[in-house]
Amino acid sequence: MMSHTKIRKAVFPVAGMGTRFLPATKASPKEMLPIVDKPLIQYAVEEAIAAGCTELVFITGRSKRTIEDHFDKAYELETELHLRQKDKLLTQIQNIIPANATCTFIRQAEALGLGHAILCSEPAIGNEPFAVILADDLIDAPQGALSQLLETYNQVGSSVIGTQVIPHELTEQYGIVETLQWQKLQRIHHIVEKPKPTDTVSSLAVVGRYILTPRIFDLLRMIGRGAGGEIQLTDAIAKLLEYEPVLAQNFIGKRFDCGSKLGYLEATVAFGLKHAETSEAFKALVKHYARHGVAAAPVIAPVSQPENVVHHQHQPGENEWVAEHEEDNEDIDINSALPMNNEDVAQLVNMLSAFMSSTNADDDEDEDDEEEEAEQVAQTVSQPENTVEQVNTVAEAQPEPQMVEQAIHHEPVADASSTETEETKAVGFQSLNNPYAFGARRYVPSNPNARPNVKP
């Protein structure tokens with residue numbers, strides 16, 4: 001197998017305003033919104049580290065210091081946890097990132113789109129291929145989505161973009177790619193930013209995971225501003241198609257669009273149902289709300305109580321969740337307690353019902369019934385899941401070598417070597433002189449056992 005430059009660096013564009021989550025994001029970035037007990041940006045960083053990336057580059061904006069603080073060392077907190085003998089929590093915060101990882105923070109002076117954010121990372125990336133992760137797209141998969149893309153890159157050495165099939169009526173919300181064949185891995189022949197459904201026949205969307213070659217920086221400078229007056233990464237990738245192959249890969253995993261309220265709530269439910277500390281109790285809550293609606297809040301008894309506590313006598317009509325009487329309420333309409341003109345609430349309750357259908361099947365149902373319920377759940381949730389059945393491929397998450405060869409050599413590639421001059425080559429890592437960015441910082445560990453500290 002041909003050797004290619006190893007991907008060591010990952011870029012995290014986190015300078016967005018997060019207007020869809022105001023007022024929650026007025027003083028804190030949306031990437032710090034928690035899913036159970038970890039913020040979105042930490043899930044993204046963990047995915048990058050699992051894929052082998054150790055140099056993490058954050059493109060930040062105003063009021064984004066919270067992200068820097070999250071990945072910095074917290075001496076006071078660690079001391080307090082140590083004094084209270086909370087060793088488990090202490091270990092967790094000391095290992096948010098490994099000691100061999102470095103964090104670079106670059107301020108995006110002006111919000112000019114995703115392409116502009118990527119351009120701001122050029123001084124830290126240099127002349128190397130790199131990864132891009134959008135924290136809004138939370139992907140739950142046995143093997144991380146970025147790891148799947150990196151395995152393909154290691155075979156072909158060209159840019160690879162994570163894709164997913166979406167409902168065709170949603171094409172105006174995504175970058176859309178077109179290929180000649182329908183496979184899990186295929187060479188892109190056309191890509192366009194947010195086309196109307198009537199303007200494209202494709203439903204294959206770009207969803208927050210990229211492996212890009214350094215040529216993308218020259219093309220981002222070349223294209224200028226596009227849709228919305230912003231520098232669009234999609235436009236630069238469209239230009240990149242003229243010079244080198246760019247592959248679309250349908251990753252295996254479930255994607256949650258945490259840039260929308262409903263997608264964020266769905267992710268919270270899904271991760272809460274499988275979290276070691278919350279799964280059982282949360283499952284009972286979800287089941288209750290799915291059956292009785294949001295108006296009937298359950299009363300959950302404490303796990304343990306002092307022996308001298310006197311419990312009041314239960315009175316008929318009290319709003320209480322009693323597990324042993326579940327069967328008495330099987331015929332209750334789950335929407336009966338909902339305001340019928342509140343479509344969002346009704347949709348959430350339906351989503352909770354779908355989750356419970358897949359996570360709490362009755363004991364007397366056989367495996368065939370469970371598989372049938374799972375198919376119904378897949379049709380109910382708000383975002384489609386990239387599965388083997390959807391992309392019409394074998395069960396393995398990675399493409400076969402012959403598929404890679406077919407994708408990469410489908411047609412000749414234009415020679416762009418003449419466009420690379422000393423002026424257009426990316427500057428070195430130490431320079432950090434970038435007309436598109438300012439305020440770069442690095443966290444560099446002083447020794448293998450130390451946590452990264454801020455160096456201006």
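The values are calculated or read from the model by the stated rules, or taken from the named source; none is laboratory data. These numbers come from a predicted model, not from an experiment. Note: ideal-geometry Cβ built from the backbone for every residue, glycine included; neighbour counts use all protein chains shown.
Here is a list of conditions, (1) farther than 24 Å from Met17 by Cβ; (2) under 16 Å from the mean Cα position of the chain (by Cα), and Lys196 meets all of them except one; can you say which number that is?
(2)
Can you find a residue in region 262-272 that is modelled with pLDDT of 90 or more, surrounded by 20 or more Cβ atoms within 10 Å (Cβ to Cβ) and polar (S, T, N, Q)?
no
In region 178-217, which residues are outside any helix (DSSP H, G or I) and hydroxyl-bearing (Ser, Thr, Tyr)?
Kept after step one, since they are outside any helix (DSSP H, G or I), are these residues of region 178-217: 178-196, 200-214.
Correct list: Thr179, Thr200, Ser202, Ser203, Tyr210, Thr213.
Output the residue which, of all residues in region 50-80 that are surrounded by fewer than 19 Cβ atoms within 10 Å (Cβ to Cβ) and of a type in the set (A, V, I, L, M, F, W, C), is farthest from Ser121 (Cα to Cα).
The extreme case among them is Leu77.
Which pairs do you get when a residue that is over 19 Å from Met17 (Cα atoms), found in region 57-83, comes within reach of a residue that is assigned to a loop (DSSP other than H, G, I, E, B) and among the β-branched types (Val, Ile, Thr), reach meaning Cβ atoms under 8 angstrom, with the pair 6+ apart or on two chains?
Phe71/Ile96; Phe71/Ile97
Return only the number of the condition from (1) of a type in the set (Lys, Arg); (2) in contact with a Phe, Trp or Tyr (Cβ under 7 Å, 6 or more places away or on another chain); (3) surrounded by fewer than 21 Cβ atoms within 10 Å (Cβ to Cβ); (4) farther than 29 Å from Lys261 by Cα that Lys194 does not satisfy.
(4)
Could you list all residues from region 5-19 that are touching a residue at least 24 places away in the same chain (Cβ under 8 Å) and over 17 Å from Arg107 (Cα atoms)?
Applying the first criterion (touching a residue at least 24 places away in the same chain (Cβ under 8 Å)) to region 5-19 yields 5-17.
Hits for region 5-19 are Thr5, Lys6, Ile7, Arg8, Lys9.
Take the conditions among the charged types (D, E, K, R), out of contact with any strand residue (DSSP E or B) (no Cβ under 6 Å at 6 or more places or on another chain) and either part of a loop (DSSP other than H, G, I, E, B) or farther than 26 Å from Val156 by Cβ (or both) and apply them to Lys283. Does it pass? Give the steps one after another, and end with the answer.
Working: among the charged types (D, E, K, R): yes; out of contact with any strand residue (DSSP E or B) (no Cβ under 6 Å at 6 or more places or on another chain): yes; either part of a loop (DSSP other than H, G, I, E, B) or farther than 26 Å from Val156 by Cβ (or both): yes.
The answer is yes for Lys283.
Out of Val156, Val132, report the one residue that is touching a Leu at 6+ places or on another chain (Cβ under 9 Å), of a type outside the set (Lys, Arg), closer than 22 Å to Phe217 by Cβ and at pLDDT 95 or above. Lay out the reasoning, then the answer.
Details: Val156 fails: at pLDDT 95 or above.
Only one candidate qualifies: Val132.
Show the residue pairs that are 6+ apart or on different chains and have beta-carbon atoms under 8 Å apart, the first residue being within region 275-294 and touching a residue at least 40 places away in the same chain (Cβ under 8 Å) and at positive phi, the second being surrounded by fewer than 19 Cβ atoms within 10 Å (Cβ to Cβ) and of a type in the set (S, T, N, Q).
Between residues of region 275-294 that are touching a residue at least 40 places away in the same chain (Cβ under 8 Å) and at positive phi and residues that are surrounded by fewer than 19 Cβ atoms within 10 Å (Cβ to Cβ) and of a type in the set (S, T, N, Q), the close pairs are Gly293/Asn335; Gly293/Ser336.
For residues in region 16-42 being surrounded by 21 or more Cβ atoms within 10 Å (Cβ to Cβ) and closer than 19 Å to Glu55 by Cβ, which is modelled with the highest pLDDT?
Restricting to residues being surrounded by 21 or more Cβ atoms within 10 Å (Cβ to Cβ) and closer than 19 Å to Glu55 by Cβ, the top hit is Ile41.
Which one is nearest to Asp137 (Cα to Cα), of the residues in region 254-279 that are assigned to a loop (DSSP other than H, G, I, E, B) and either over 22 Å from the mean Cα position of the chain (by Cα) or among the hydroxyl-bearing types (Ser, Thr, Tyr) (or both)? Give the derivation first.
We begin by selecting, within region 254-279, every residue assigned to a loop (DSSP other than H, G, I, E, B); these are 258-260, 275-278.
Those left that are additionally either over 22 Å from the mean Cα position of the chain (by Cα) or among the hydroxyl-bearing types (Ser, Thr, Tyr) (or both): 260, 277-278.
Working: Ser260: 10, Glu277: 24, Thr278: 23 Å.
Among residues in region 254-279 that are assigned to a loop (DSSP other than H, G, I, E, B) and either over 22 Å from the mean Cα position of the chain (by Cα) or among the hydroxyl-bearing types (Ser, Thr, Tyr) (or both), the one nearest to Asp137 (Cα to Cα) is Ser260.
Any idea how many residues of region 218-253 are at pLDDT 90 or above, basic (Lys, Arg) and either assigned to a loop (DSSP other than H, G, I, E, B) or crowded, with 20+ Cβ neighbours inside 10 Å (or both)?
Residues that pass the stated criteria total 0.
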